[in-house]
1. Would a scan of segment 79-87 turn up a residue that is at pLDDT 95 or above, within 20 Å of Leu149 (Cβ to Cβ) and crowded, with 17+ Cβ neighbours inside 10 Å?
2. Yes or no: Lys98 basic (Lys, Arg) and at pLDDT below 90?
3. When the residues of segment 22-40 are narrowed to those that are at pLDDT 85 or above and in contact with a Ser or Thr (Cβ under 8 Å, 6 or more places away or on another chain), which ends up farthest from Gly112 (Cα to Cα)?
4. Evaluate segment 125-134: report whether one residue or more is among the hydroxyl-bearing types (Ser, Thr, Tyr), more than 19 Å from Ile67 (Cβ to Cβ) and surrounded by 13 or more Cβ atoms within 10 Å (Cβ to Cβ).
5. Mind listing whichever residues of segment 98-153 are among the charged types (D, E, K, R) and not in a helix (DSSP H, G or I)?
6. In segment 39-58, how many residues are small (Gly, Ala, Ser), assigned to a helix (DSSP H, G or I) and buried (at least 24 other Cβ atoms within 10 Å of the Cβ)?
7. Consider segment 88-104. How many of its residues are in contact (Cβ under 8 Å) with a residue 40 or more places away in the chain and closer than 13 Å to Ala59 by Cβ?
8. What are the residues in segment 59-91 that are of a type outside the set (Gly, Ala, Ser) and either over 24 Å from Gly13 (Cβ atoms) or assigned to a loop (DSSP other than H, G, I, E, B) (or both), if any?
Amino acid sequence: MDKKKTEEIARLGLLTSLALIASYVELLIPVPIGIPGVKLGLANLVIVWALYGLRPAEAFAVNGMRILLSGFMFGNLSMILYSLAGALLSFLCMYLAKRSGAFSVIGVSLAGGVAHNVGQLLVAMLVLESLNLVYYGPVLLLSGLMTGLLIGIVTREVYRRVPGFQIQKND
């Protein structure tokens, strides 16, 4: 295996590990909202970082590995299902927002936070066969906006402080 490929694998492993650690830390922090699905989204900091620092397929792989590993280590199959739904929609929205060039890293993260909660809500409505869950929507959207904003700000600040990395000029 050549040196470049080895470095790439090591980088993906490191980012997956960081995202996994963030997922675990998040489990230790209680969110006293009382509504299922409301989380801080700490692992998304790593995913937004990866989206700006890696190729899209690599960032997607980090996200997928983080979900599968954290689900098997700290959760269950149901958690994996909900996380995958949220992460797929979130990643797609973040990728498209970033690719459009119309959004800053904060805007991309906001889109991801909201889309993640929408994806999970849609799966919950399908699994539980209840449209009444739509009433959770406003709280989940607000939580997605708040956590997306926080993750976007932190990601922007990390990028500003780490030499050699650049993000969009409108940040």
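The values are calculated or read from the model by the stated rules, or taken from the named source; none is laboratory data. Everything numeric in this text was worked out from a predicted model, so none of it was measured. Backbone-built Cβ (ideal geometry, glycine too); neighbour counts: all protein chains shown.
1. At the first step, the residues of segment 79-87 found to be at pLDDT 95 or above are none.
No, every residue in segment 79-87 fails to be at pLDDT 95 or above, within 20 Å of Leu149 (Cβ to Cβ) and crowded, with 17+ Cβ neighbours inside 10 Å.
2. Numbers: basic (Lys, Arg): yes; at pLDDT below 90: no.
Criteria not met by Lys98.
3. Among them, the one singled out is Tyr24.
4. Going through segment 125-134, the residues among the hydroxyl-bearing types (Ser, Thr, Tyr) turn out to be 130.
Still in the running and more than 19 Å from Ile67 (Cβ to Cβ): 130.
Keeping just the survivors that are surrounded by 13 or more Cβ atoms within 10 Å (Cβ to Cβ) gives none.
No, segment 125-134 has no match at all.
5. Residues of segment 98-153 among the charged types (D, E, K, R): 98-99, 129.
Across segment 98-153, the qualifying residue is only Glu129.
6. Taking segment 39-58 and keeping what is small (Gly, Ala, Ser), we get 41, 43, 50, 53, 57.
Keeping just the survivors that are assigned to a helix (DSSP H, G or I) gives 43, 50, 53, 57.
Filter once more, so that each one left must be buried (at least 24 other Cβ atoms within 10 Å of the Cβ): 43, 50.
Here the count works out to 2.
7. 5
8. Taking segment 59-91 as the starting set, the residues that turn out to be of a type outside the set (Gly, Ala, Ser) are 60, 62-63, 65-69, 72-74, 76-77, 79-82, 84, 88-89, 91.
Matches in segment 59-91: Asn76, Leu77, Leu81, Tyr82, Leu89.
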